[in-house]
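In what follows, a structure is listed as structure tokens, so that the remarks can point back to it.
The values are calculated or read from the model by the stated rules, or taken from the named source; none is laboratory data. Computed from a predicted model, the values in this text were never measured in an experiment. With ideal geometry, Cβ positions are generated from the backbone for all residues, glycine too; neighbour counts draw on all protein chains shown. When the accessible area is computed, the model is the full protein with side chains, heavy atoms only, and any ligands, DNA or RNA have been set aside. Shrake-Rupley method; radii C 1.70, N 1.55, O 1.52, S 1.80 Å.
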Amino acid sequence: MQTIGLVGGMSWESSAVYYQALNLGVEQRVGGLSSARTVLASVDFAEVTALQEQERWDDVAQILITAAQGVERAGADFLMLCTTTFHRVAEQVAAAVDIPLLHLADVVAEACRAQQVTSVGFLGTTFAMSRSFFTDRLAAHGLEVHVPDARHHAALNRVIYDELVHGKVLDSSRRQVVGLIEELWDAGAGGLVLGCTELELLVHQPDSELPLFPCTTLHVAAALDRALG
């Protein structure tokens, strides 16, 4: 079994989902008392979020690079960033280590193509929806990507940062997000990418007529495929 390197803390709720899912996955695939070989470096979410809001991306990159290099020194065979938004600096992080980075957008795009879905809606933080770093990477795989109208971004951001990162899962917010999914369906999306780990706590396949592509679940599955060979 290879050792999985995790750079987390963005948010810790997200990282907890990754850690639990990786270990449950190994238990299910291998059996017995088996668990995942992991190395985790967890950063301060408040610090990197403040730098993000100031557009100080080189400083964000340096924090994640330091964490990634620590994970590499600790024996990780490959690296995962347990975040969507901070994939904004994924290429800088990948260039600073000698182990491969399992890029989230590549994993998600491969899953969409495997189901013959060529047009997807994308939900995530305001930053991830309004900037093109993640959607462009999806598009590079031949996907057409739809995001909600800008007037919805603040409301979705509030659900993520004020509720979900604190473990609050509200039915009213679920209905709100399902409404966005229906709008993206009307716009031509044939699938829906849940581009934020915390959204997977809120919305599940029975809530949507469109096939859902939950980023964290897919990222974990790809990591297990690689780690277990």
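Per residue of the stretch 64-77, what does 6.51 cos²θ - 1.76 cosθ + 1.60 with θ = phi - 60° give for ³J(HN,Hα)? Whole Hz please, x for Gly and Pro, Karplus curve as stated.
In residue order, the calculated couplings are 6, 5, 4, 5, 5, 5, x, 4, 4, 4, 7, x, 5, 8 Hz.
222 nm [θ] for the chain, helices only, -39500 (n - 2.57) per DSSP H run of 4+, per residue, to 500? Can you show the working numbers first?
Details: 10 runs with 110 residues, N = 229.
Taken over the chain, the calculation gives -14500 deg cm²/dmol.
Arranged from highest to lowest average of other beta-carbon atoms within 10 Å per residue, in what order do the peptides 57-69, 156-168 appear? Before the final figure, lay out each step's value.
Working: 57-69: 19.0, 156-168: 16.8.
Packing order, densest peptide first, comes out as 57-69, 156-168.
GluC sites (Glu not before Pro) within the stretch 35-110: which are DSSP loop residues with at most 15 other Cβ atoms inside 10 Å?
Working: sites: 47, 53, 55, 72, 91, 110; in loops: 55.
When the GluC sites (Glu not before Pro) of the stretch 35-110 are filtered for loop state and at most 15 Cβ neighbours within 10 Å, 55 remain.
Please give, to one decimal in nm, the separation of the simple spin-label points placed at residue 187 and residue 1, each 7 Å out from Cα toward the Cβ.
Modelled inter-label distance: 4.1 nm.
Considering only protein heavy atoms, what per residue accessible area in square angstrom results for the chain with a 1.4 angstrom probe?
Here the per-residue accessible area is 44 Å².
Can you give the FRET efficiency for residue 113 and residue 136, using 1/(1 + (r/R0)^6), R0 = 25 Å, r = Cβ-Cβ distance, to the nearest 0.05? Don't skip to the end; give the middle numbers.
Working: r = 16 Å, r/R0 = 0.65.
Once rounded, the FRET efficiency stands at 0.95.
Which FRET efficiency, nearest 0.05, do residue 178 and residue 226 yield, Cβ-Cβ r, R0 30 Å? Numbers along the way, then the final one.
Values: r = 33 Å, r/R0 = 1.11.
So, using R0 = 30 Å, E works out to roughly 0.35.
Loop-only check: which trypsin sites (Lys or Arg not before Pro) in the stretch 41-112 are DSSP coil with at most 13 other Cβ within 10 angstrom?
On the way: sites: 56, 73, 88; in loops: 56.
Listed in order of number, the matching sites are 56.
Quick check: the angle from helix 171-186's long axis to the longest principal axis of the chain, C-alpha only, nearest 10 degrees?
70
When the accessible area of the chain is split by element with a 1.4 Å probe, what percent falls to carbon and sulfur?
Working: 4810 of 10160 Å².
The nonpolar share, carbon plus sulfur, comes to 47 percent.
Which values, in whole Å and largest first, are the semi-axes of the equivalent ellipsoid of the stretch 166-213 obtained as the square root of 5 times each eigenvalue of the Cα gyration tensor? Don't jump to the answer; show the numbers that get you there.
On the way: eigenvalues 69, 26, 14 Å².
Rounded to whole Å, the semi-axes are 19, 11, 8.
Using just the Cα positions, wrap the stretch 97-157 in a convex hull and report its mean projected area in square nanometres, one decimal place. Don't jump to the answer; show the numbers that get you there.
Numbers: hull surface 19.6 nm².
Averaging across all directions leaves 4.9 nm² for the Cα convex hull.
Principal axes first, then extents: for the Cα atoms of the stretch 16-74, list largest minus smallest coordinate on each axis, whole Å, largest first.
On the principal axes, the stretch 16-74 reaches 47, 23, 13 Å in Cα extent.
Whole Å is fine, so just give me how far the alpha carbon centre of the stretch 20-59 lies from that of the stretch 168-229.
19
Given the stretch 104-229, what whole percent of its Cα pairs are spread farther than 22 Å? Intermediate results must be reported in sequence, preceding the final value.
Values: 2332 of 7875 pairs.
More than 22 Å apart: 30 percent of the Cα pairs in the stretch 104-229.
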